[in-house]
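Here's the structure, in structure tokens; my notes come after.
The values are calculated or read from the model by the stated rules, or taken from the named source; none is laboratory data. On a predicted model such as this, the values are computed, not experimentally measured, just so you know. Positions of Cβ are generated from backbone atoms using ideal geometry, with glycine treated the same way; all protein chains shown enter the neighbour counts.
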Protein chains: 2
Amino acid sequence: MFSKACEYGIKASIFIAINSYEGKRVSPKEIAKEINSPQAFTAKILQALVRHKVINSVKGAYGGFEINKNELKYINLSQIVKAIDGDNIYNGCGLGLDKCDENHPCPVHEKFITVRDELKHMLENTSLEELALDIKSGASFLKA
Amino acid sequence: MFSKACEYGIKASIFIAINSYEGKRVSPKEIAKEINSPQAFTAKILQALVRHKVINSVKGAYGGFEINKNELKYINLSQIVKAIDGDNIYNGCGLGLDKCDENHPCPVHEKFITVRDELKHMLENTSLEELALDIKSGASFLKA
DNA sequence: TATAAATAGGATAAAATTATCCGAAATAAA
DNA sequence: TTTATTTCGGATAATTTTATCCTATTTATA
């Protein structure tokens, strides 16, 4: 469904969110350990999230990655997925046709709309805040 | 969502279905031309579909790929996807955790269930027959 | 100002996916 | 039985994705 990079990006964002609640910045090293991902690769993904303004980075000593506490409820999975995997999952044809629309639909065009809308709705209505709170309360986990 | 291999597999199956209606076998060459895919790679995918008994092959002169006309309505997208991409899309964790279930859910476990069920329902309830008929009637297309 | 700590980013490498090529095996028809 | 045709399957190559390494740049503090 999502690329590895996107999976890491989502999990990293959640971990950053948790720490941002407590005013703490985190490093790629801490993040990678917590979400069980390769550190350097994770760092690249964090850079992408910074470029897309999903998270914020502070260079230099005492720096790290953080998210504005007040924005947590407005950041949703959709933004993270788009930042890393692009919007292909939103707009791309399910069967890979370059041109696929109402006037020239691929064989699964209509069938896919339902699925895609469900996914879209989920991504757009799931905030980093709720995901972070679930982790904090022990209701969900970032690694196996 | 699906791999390229799977996209080709679905489109190829539909084209074979159309021809099987008329008792015609088709070659990888014809298929690749019709679905706009690399021929040799497509042939590999066809082999996989044969091994999984989704389609049938006849070797030698006057051979080719075909599907039993009477089975067309019972073959659904789910079978094709499972044959090529495996059942990761059904059972795999949305965030890639090795272990992710009700007792130890990833952050999006619950949210994903809805999306996955919608996809599953779509794949299991879409038959090759209906997809083939749509192509025949000009309601949908195999390439751009 | 010097130093240590931290992210940024380029260059590579490894692994997986996608794609190509070619000979072997099977089969219908001449 | 020979030939032409066609799928099968192994080897290899190209591309993309995933992953690593190293240096430059930034910045807080001593």
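Exactly one residue out of B:S13, B:S20 is crowded, with 19+ Cβ neighbours inside 10 Å, more than 14 Å from every other protein chain (Cβ to nearest Cβ) and assigned to a helix (DSSP H, G or I), and it is B:S20.
Going by what's in this entry, would A:G96 be described as free of Cβ contacts under 8 Å to residues at least 40 places away in the same chain and touching a helix residue (DSSP H, G or I) at 6+ places or on another chain (Cβ under 8 Å)?
Values: free of Cβ contacts under 8 Å to residues at least 40 places away in the same chain: yes; touching a helix residue (DSSP H, G or I) at 6+ places or on another chain (Cβ under 8 Å): yes.
Answer is yes for this residue.
In the set A:G94, A:G60, only one residue is facing another protein chain (nearest Cβ under 7 Å) and either at pLDDT 95 or above or within 16 Å of DNA strand D (Cβ to nearest atom) (or both); that residue is A:G94.
Scoring A:V81 on the criteria (1) more than 14 Å from chain B (Cβ to nearest Cβ); (2) in contact (Cβ under 8 Å) with a residue 24 or more places away in the chain; (3) not aromatic (F, W, Y) leaves a single failure, condition (1). The one condition from (1) farther than 13 Å from B:S27 by Cα; (2) within 9 Å of DNA strand D (Cβ to nearest atom); (3) over 15 Å from the mean Cα position of the chain (by Cα) that B:V50 does not meet is (3). Residues of the range A:23-58 that are within 13 Å of DNA strand C (Cβ to nearest atom) and assigned to a loop (DSSP other than H, G, I, E, B): A:K24, A:R25, A:S27, A:P38, A:H52, A:K53, A:V54, A:I55. In this entry, A:L72 passes the filter for residues that are surrounded by 19 or more Cβ atoms within 10 Å (Cβ to Cβ), more than 10 Å from chain B (Cβ to nearest Cβ) and touching a Leu at 6+ places or on another chain (Cβ under 6 Å). Scoring B:V58 on the criteria (1) in contact (Cβ under 8 Å) with a residue 40 or more places away in the chain; (2) over 19 Å from A:G96 (Cα atoms) leaves a single failure, condition (1).
Condition first: assigned to a helix (DSSP H, G or I), within 10 Å of DNA strand C (Cβ to nearest atom) and touching a helix residue (DSSP H, G or I) at 6+ places or on another chain (Cβ under 9 Å). Can you find one or more residues in the range B:67-86 that meet it? Spell out how you get there, then give the answer.
Looking only at the range B:67-86, we keep the residues that are assigned to a helix (DSSP H, G or I), and these are B:69-74, B:77-85.
The next check asks that each one be within 10 Å of DNA strand C (Cβ to nearest atom); those that pass are B:84-85.
From the residues that got through so far, the ones that are touching a helix residue (DSSP H, G or I) at 6+ places or on another chain (Cβ under 9 Å) too are B:84-85.
Yes, that holds for at least one residue.
Note on the range B:23-45: among residues that are more than 11 Å from DNA strand D (Cβ to nearest atom) and of a type in the set (G, A, S), the one that is farthest from the other protein chains (Cβ to nearest Cβ) is B:G23. When B:N88, B:N76 are screened for being modelled with pLDDT under 95 and out of contact with any Lys or Arg (no Cβ under 9 Å at 6 or more places or on another chain), only B:N88 passes.
Looking only at the range A:94-110, which residues are surrounded by fewer than 19 Cβ atoms within 10 Å (Cβ to Cβ) and closer than 21 Å to B:R116 by Cβ? Once the filter is applied, which keeps residues that are surrounded by fewer than 19 Cβ atoms within 10 Å (Cβ to Cβ) and closer than 21 Å to B:R116 by Cβ, the range A:94-110 yields only A:E110.
In this structure, is B:A83 surrounded by 18 or more Cβ atoms within 10 Å (Cβ to Cβ), under 25 Å from A:C93 (Cα atoms) and touching a His at 6+ places or on another chain (Cβ under 7 Å)? Steps first, answer last, please.
On the way: surrounded by 18 or more Cβ atoms within 10 Å (Cβ to Cβ): yes; under 25 Å from A:C93 (Cα atoms): yes; touching a His at 6+ places or on another chain (Cβ under 7 Å): yes.
Judged against the criteria, B:A83 is a match.
Restricted to the range A:1-22, and to residues that are aromatic (F, W, Y) and more than 15 Å from DNA strand D (Cβ to nearest atom), which residue is nearest to B:D87 (Cα to Cα)?
Pass one, the range A:1-22, residues aromatic (F, W, Y): A:2, A:8, A:15, A:21.
Among the residues that remain, those that are also more than 15 Å from DNA strand D (Cβ to nearest atom) are: A:15, A:21.
On the way: A:F15: 29, A:Y21: 38 Å.
Among them, the one singled out is A:F15.
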